Amino acid sequence: MKTKVLLVLAAILWLSFSNTAEAQKGIRVGYIDMDYILENVPEYNEASADLETKVQKWKVEIEAELKEVEEMRKDLNNERVLLTKELIEEREEDIFFREKEILEYQQKRFGPNGDLFIQKKRLVQPVQDQVFVAVQEVAKNKKYDFIFDKSADLVMLYSADRHDISDQILLRINRASKRKQVNSKKEKKALERAEKRNSEQEKEVTDREKTTSKKQAEREQLLAERKAARDSIRAAKKKEFEARRAKLLEAQKRKKDSITALKEKLKNDSQSDDDDNKDGETNDN
């Protein structure tokens, strides 16, 4: 790789100092930052998030297996004095094979040719293909002689920002993605207007949209907080009303029960008086 880089730089220097009419007008050089482009492609970010979820799941599985093996080793050490030599060797062999299985699983997931490496490659490849096509278009339209990848093996000791065409490449990738999503004439016209903007204008529009979205999100959050506050106040008032109502109903019930009990007592007293009068009349007779 270093040899190829040196050959490319030598070719640039040779062309820069040659006396041909083509060289006299200047060599046009640009570069891209693949890492920056990847970070700003939504499909790549979504796929990266899904892959990261898988990676975390694999790590949890491995940690659980290692913890189980550690428990096996701990149990063996605690019970060693109670076991025969054959049983000790048998359990040590079990631990050895479990550790071997875990190591093989780690290699399967995180090894040089493991699932993580393969899926990352699959993840990056489509974006790299889009970048390659976009670079060809930009180089042809803007008449670039050389375009380098800043994040690759080429070491750039200095690079002026004006030579960075990453935003132009990203713009073309996003537009190509949007073309696939157009379903109506209105969306098509909006896309055509957007495609007339250059990368700087597109960035300004994107920044404005982000600012608008941020303000909208802040406004929605503020409204949600106000609604939550109102709902909390209403819930507190309702709770207070229910408590007063329950207290009032309880007082009314006690009063009613008291009146009922008094009526019952008066009735019983009246009945007792009638019985006494009847007994007196019987005795007189």
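One decimal place: the segment residue 99-residue 36 gains 18.7 nm when fully extended, by the rule 0.36 nm per residue minus the C-alpha distance. Under 5 Å from the amide H of residue 148 lie the amide H atoms of 30, 31, 32, each residue being 5 or more positions distant or on a separate chain, with H modelled from the backbone and absent for Pro and chain starts.
Of the peptides 64-77, 253-266, the order by per-residue mean of other Cβ atoms within 10 Å, starting with the highest, comes out as 64-77, 253-266.
Could you please state how large a percent of the accessible area of segment 19-157 is carbon and sulfur, counting protein chains only and using a 1.4 Å probe?
Carbon with sulfur: 53 percent of the solvent-accessible area.
Among residues other than residue 48 with Cβ under 10 Å from its Cβ, the summed charge is -4 (Lys and Arg +1, Asp and Glu -1). Ligands, DNA and RNA are left out, and with a 1.4 angstrom probe the accessible area of segment 57-112 is 79 Å² per residue. The alpha-carbon atoms of segment 43-156, seen along their principal axes, cover 82, 27, 19 angstrom, with the largest extent given first.
The values are calculated or read from the model by the stated rules, or taken from the named source; none is laboratory data. Small disclaimer: the values here were computed from a predicted structure and weren't measured. Here Cβ is always computed from backbone atoms with ideal geometry, including for glycine, and neighbour counts include all displayed protein chains. In case anyone asks, the SASA skips ligands and DNA or RNA and just uses the protein heavy atoms, side chains included. Shrake-Rupley method; radii C 1.70, N 1.55, O 1.52, S 1.80 Å.
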